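Note sheet for the following structure.
The values are calculated or read from the model by the stated rules, or taken from the named source; none is laboratory data. These numbers were taken from a predicted model, which means no experiment stands behind them. Positions of Cβ are generated from backbone atoms using ideal geometry, with glycine treated the same way; all protein chains shown enter the neighbour counts. When the accessible area is computed, the model is the full protein with side chains, heavy atoms only, and any ligands, DNA or RNA have been set aside. Shrake-Rupley method; radii C 1.70, N 1.55, O 1.52, S 1.80 Å.
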Amino acid sequence: MRRNYSCPHCHGVLNPNVKIILRADHESHRGLMLFSPQPGNYDCIIPEGFKLKKKSMVRFLCPLCGKDLTSRRDRTMAEIQNATGPGHEGTVVFSRIYGHHATYFITDEEVKSYGEHIDEDTVNFWGLGHGDGGR
């Protein structure tokens, strides 16, 4: 089952091939980062010279329209859209903090959590989906 990821602003496809492509900004560094589309896989390709330390806050933007992907509900998280087929759409919320592995797939029916740091988060998903939210 292929997951398709898209920008919540322009709806452009963020994974045209095997990786999710996002623009990243941190301090004076700017570049494209490639992420695995597999939930819970935190392997990432970072441009050479893009300096990040644990707990660095990264700003993610759509590489197509340039809009900021920072969540309005929690500024330490970013949001993109995901679909596995018609009627199977949702939101992916993931940490903007380098080394903080926490990702949430939110649909109308459920929230699925991935990563070793999910128990540390106090994210309130109420209202993200049309369901009742929660973990």
Worksheet, complete the sentence: When the range 24-75 is checked residue by residue, the ones that are of a type in the set (Phe, Trp, Tyr), in a strand (DSSP E or B) and open to solvent by 30 Å² or more (accessible area, probe 1.4 Å) are Phe35
Discussion item. Looking at Thr70 and the list (1) more than 22 Å from Ile106 (Cβ to Cβ); (2) within 16 Å of the chain's Cα centre (by Cα), which single condition is not satisfied?
Written reply: (1)
Item to complete: For the range 79-107, enumerate the residues that are open to solvent by less than 50 Å² (accessible area, probe 1.4 Å), in contact (Cβ under 8 Å) with a residue 40 or more places away in the chain and either assigned to a strand (DSSP E or B) or at positive phi (or both).
Response: Glu79, Ile80, Asn82, Ala83, Gly85, Thr91, Val92, Ile97, Gly99, Thr103, Phe105
Worksheet item: Quick one: is Gly40 closer than 17 Å to Asn4 by Cα and modelled with pLDDT of 85 or more?
Response: yes
Item to complete: Output the qualifying pairs, or none if there are none: Cβ atoms under 9 angstrom, residues six or more apart or on different chains, first residue in the range 1-23 and open to solvent by less than 40 Å² (accessible area, probe 1.4 Å), second residue hydroxyl-bearing (Ser, Thr, Tyr) and outside any loop (DSSP other than H, G, I, E, B).
Response: Gly12/Ser6; Leu14/Tyr5; Leu14/Ser6; Asn15/Tyr5; Asn15/Ser6; Ile20/Tyr5
Item to complete: Name the residue, out of Leu22, Leu32, Leu61, Leu52, that is at pLDDT 95 or above and closer than 28 Å to Asp119 by Cβ.
Response: Leu22
Practice prompt. Test Cys65 against the criterion of being out of contact with any strand residue (DSSP E or B) (no Cβ under 9 Å at 6 or more places or on another chain) and touching a residue at least 24 places away in the same chain (Cβ under 8 Å), and give yes or no.
Written response: yes
